[in-house]
1. Round to the nearest 0.05 the FRET efficiency obtained for residue 86 and residue 9 when R0 = 41 Å and r is the Cβ-Cβ distance.
2. Calculate the all-directions average of the projected area of the stretch 3-90's alpha-carbon convex hull, and give it in nm².
3. Only counting other Cβ atoms within 10 Å, I'd like 70, 10 sorted with the fewest neighbours first.
4. Could you grab the relative contact order for the stretch 3-90? Cα pairs under 8 Å, six or more apart, rounded to a whole percent.
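No value in this document is a laboratory result; all are computed from the given coordinates. The structure displayed is predicted, hence computed values, not measured ones. Cβ sites come from the backbone with ideal geometry, for glycine too, and all protein chains shown count toward neighbours.
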């Protein structure tokens, strides 16, 4: 992405519309997570939004595995998860 497009996108992300779109993307990611894992300790998870272009935002839920180490909840194959990861997601189910 050239610098003018990047700067334009960055300015949009800082605007009220950009912040609202980013927030909506994160909320949309949380809905299926909360449905599937309603009693999970949410402090062990984080959502991250990715802005591809104005109005094109996606978000994903990650399990905090450790400092700088996140594991995608819906984007990874759970059969390869370790016991701690599985317990964190299944807690309270």
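1. 0.65
2. Numbers: hull surface 27.1 nm².
Taking a quarter of the hull surface, the average projection is 6.8 nm².
3. Numbers: 70 15, 10 11.
Final ranking by Cβ density, sparse to dense: 10, 70.
4. Result for the stretch 3-90 is 24 percent.
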